[in-house]
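Let me begin by presenting the structure, written as structure tokens, before commenting on it.
The numbers here are math on the coordinates, done by the rules we state, and not lab data. Please read these numbers as outputs of a predicted model, since none were measured by experiment. Neighbour counts are summed over all protein chains in view; Cβ atoms, including those assigned to glycine, are modelled from backbone coordinates with ideal geometry.
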Amino acid sequence: MFTGIVETTGTFDGLTKAMGRAARLGVQVPSEVGPLKIGDSVAVNGVCLTVIEVGRGTVAMDVLEETLARTNLGDLHSGARVNLERAPTPATHLGGHLVTGHVDDTGVVLGRSRAGPDWVYEIGVDRKYMPFIAPKGSMAVDGVSLTVVETRAASFVVHVIPRTFEHTTFKDRDVGGRVNIEVDLIARYIANFIKRSGPGLVEGEQTGADSGKLTKEFLAEHGFA
């Protein structure tokens, strides 16, 4: 589990593929991250990976083919920056939101502009993810916890403050760039609960004595409000 508050950026040091095992991803890690050991969990561009090898200023992590297919880790070139966040401890300040590191898919930067000191990004995504995305809700983009400002038919808009822009890979993300996205964990569970509770909750059909409509009272009864 992570918070979406990126600690720093590392440098991609190569991806090695071999028959019979996952690819191995190398990252140069700056000293401010602190000591890492084998078995530690690290979010790399929002992807939860496990440290397999530790060298002098470098770490290596295995990456499954499924992960390469669903994320932008396979797009990295030598020297590219990657966002890094260590898994928090129970004493860690939760400054962002709960991020699992299980990336749903990649989105595409459709627009990048300025709004005063901030940067405004429009991220295009597959329409199937839009029910999980709401204004003022949380989204993890390349592992960065962001607040959704606006939603459109198949995209959402976020504002990136100057410090986040300078200290994460957003500085490298221009129009056309792919970014990893992870929808909000709570939104995912609520949507799954509604889906599995019968068609009446979604479509407004009659379900027994109830009207089948999703209400504040229903959510409170089942522990969601």
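A few notes on this one:
- Its relative contact order, with pairs defined as Cα atoms under 8 Å and 6+ residues apart, puts the chain at 20 percent.
- Bins of 5 Å, starting at 0 and running to the largest distance - Cα pair percent for the chain: 1, 6, 13, 17, 17, 14, 11, 8, 5, 3, 2, 1, 0, 0
- Translational diffusion of the range 5-50 was estimated from the Stokes-Einstein equation, with Rh taken as the Kirkwood radius over Cα pairs; at 37 °C and 0.692 mPa s the coefficient is 275 µm²/s.
- FRET efficiency for R152 and I186, using Cβ-Cβ distance with R0 set to 30 Å, rounded to 0.05: 0.85
- Modelled label positions at V54 and D174, each set 7 Å beyond Cα in the direction of Cβ, lie 3.9 nm from each other.
- Scaling against 2.2 N^0.38 Å puts the C-alpha radius of gyration of the range 8-86 at 0.99.
- Remark: the range 60-164 is approximated by an ellipsoid whose semi-axes, taken from the C-alpha gyration tensor as √(5λ), come to 22, 18, 16 Å, largest first.
- Highest-fluctuation residue, Y189, Y129, Y121 considered, GNM on the chain with Cα pairs under 10 Å: Y189
- For the chain, built as a Gaussian network whose Cα springs stay under 10 Å, the top-fluctuating residue of G55, G34, G177: G34
- A helix-only calculation puts the chain at -4000 deg cm²/dmol for mean residue ellipticity at 222 nm, using -39500 (n - 2.57) for each DSSP H run of at least four residues, averaged over all residues.
- Radius 10 Å from Cβ of V148, net charge of other residues (Lys, Arg +1; Asp, Glu -1): -1
- With contacts taken as Cα pairs under 8 Å at a separation of at least 6 residues, the range 8-86 carries a relative contact order of 39 percent.
- Members of K37/K136; K17/K195; K136/K171; K17/K136 lying beyond 31 Å, as alpha-carbon distances in this model show: K37/K136; K17/K195; K17/K136
- Residue among T67, T92, T215 with the largest mean-square fluctuation in a Gaussian network model of the chain, springs linking Cα atoms under 10 Å: T215
- Applying a DSSP loop filter and a limit of 16 other Cβ atoms within 10 Å to the trypsin sites (Lys or Arg not before Pro) in the range 65-174 leaves K136.
- For the range 121-177, the Kirkwood hydrodynamic radius from C-alpha pairs, put into Stokes-Einstein at 37 °C and a viscosity of 0.692 mPa s, yields a diffusion coefficient of 279 µm² per second.
- Between the helical axis of 185-196 and the longest alpha-carbon principal axis of the chain there is an angle of about 40 degrees.
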